[in-house]
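What follows is one structure encoded as structure tokens, with my remarks underneath.
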């Protein structure tokens, strides 16, 4: 049996490890600087918006004003629905969508037949005699 007695290539291992470490450190520096600059630019945009009155911050007064604007027509709409007047958007209408029916065209044309009824394999005979005794007998039929 042959045994390999050569020394491991230490120079190659150290070179690859050094290159990998250098690439990882360079990438980390690049990504940290990129994300810091992106964060700073977004923060500057937010500060500029706040100073010019177009703030990204939603205060309670701004939220209430937005709710009033959106829900202002709700009371009138609810009153008209209560009186029986429906807007066209909520009126019931027949659907013109035939997507549910299109799946039936992919079905095979043959109609499966229902299974034939199977006779029970056991028959129960009841014999009532004149003296009031009832005799039960079970008849097993072979299939």
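The values are calculated or read from the model by the stated rules, or taken from the named source; none is laboratory data. Just so it is clear, the model here is predicted, and its values are computed rather than measured. Cβ: placed from backbone, ideal geometry, glycine included. Neighbour counts: every protein chain shown.
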Matching entry among 69, 44, 109 (being at pLDDT 80 or above and loosely packed, with under 10 Cβ neighbours inside 10 Å) = 69
From the list 91, 102, 77, pick out the single residue that is modelled with pLDDT of 75 or more, within 36 Å of the chain's Cα centre (by Cα), on the phi < 0 side of the Ramachandran plot and exposed (fewer than 10 other Cβ atoms within 10 Å of the Cβ).
-> 102
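Assess whether residue 51 counts as being free of Cβ contacts under 8 Å to residues at least 12 places away in the same chain and exposed (fewer than 10 other Cβ atoms within 10 Å of the Cβ). I'd like the intermediate steps shown before the answer.
Values: free of Cβ contacts under 8 Å to residues at least 12 places away in the same chain: yes; exposed (fewer than 10 other Cβ atoms within 10 Å of the Cβ): yes.
Answer is yes for this residue.
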